[in-house]
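Heads up: the structure comes next, in structure tokens.
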Amino acid sequence: MASSFSSSMRGGRGRKFKSEINVVPYIDVMLVLLIIFMVMPSANDPSVVDLPSAERSTKPPSDYVQVVIKPNGALSIGVKGKGEEAPETAPNRDALVKKLRAIHSDHPDYPVLIAGDKESKYDDVIQLISEAKKMGINRVGLSTK
């Protein structure tokens with residue numbers, strides 16, 4: 001009896017272990033996660049500008065020029081108030097500045113309100129404020145919730 005025990009310990013007819021990892025369950029889990037992450041962003045509405053929140057300092061003016069900066073870099077400009085114009089989209093910042101210059105020449109007393117999304121680049125908003133100040137627009141503000 002002792003001899004059969006010692007022969008099996010030395011590598012006689014013992015069980016061999018499989019040293020492979022079964023990856024099929026991991027692939028199933030990864031595919032489910034991939035589908036979840038692909039479906040989730042489609043719930044957001046890209047036309048909505050998510051403005052940052054702040055304390056209300058003053059009531060906004062009744063007539064103003066509104067510039068909208070979306071997180072994907074899309075720009076639009078329009079006049080709000082008495083002479084309301086439908087917002088026009090601008091392909092780049094230079095085209096937006098030209099439209100702002102034209103609107104400012106038509107309505108020199110209107111302030112400019114910039115509605116920059118929370119996710120938009122800080123540099124885009126600052127550059128736009130700088131361009132408006134160079135044009136001689138003294139009243140430039142940021143739109144918040």
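Values in this text are rule-based calculations from the coordinates and carry no lab data. Bear in mind that the values here come from a model prediction, so they are computed numbers and not experimental data. Backbone-built Cβ (ideal geometry, glycine too); neighbour counts: all protein chains shown.
A few remarks follow.
- Under 22 Å of direct C-alpha separation, and excluding same-chain neighbours fewer than eight residues apart, Lys99 reaches these lysines: Lys70, Lys80, Lys82, Lys121, Lys133, Lys134.
- Note on Glu119 and Asp50: the model spin-label points, each 7 Å out from Cα along the C-beta direction, lie 0.5 nm apart.
- For a label point 7 Å along the Cα-to-beta-carbon line of Ile126, residues of the stretch 92-106 with backbone N under 20 Å: 93-94, 97
- All Cα pairs of the stretch 64-142, percent lying beyond 14 Å: 56
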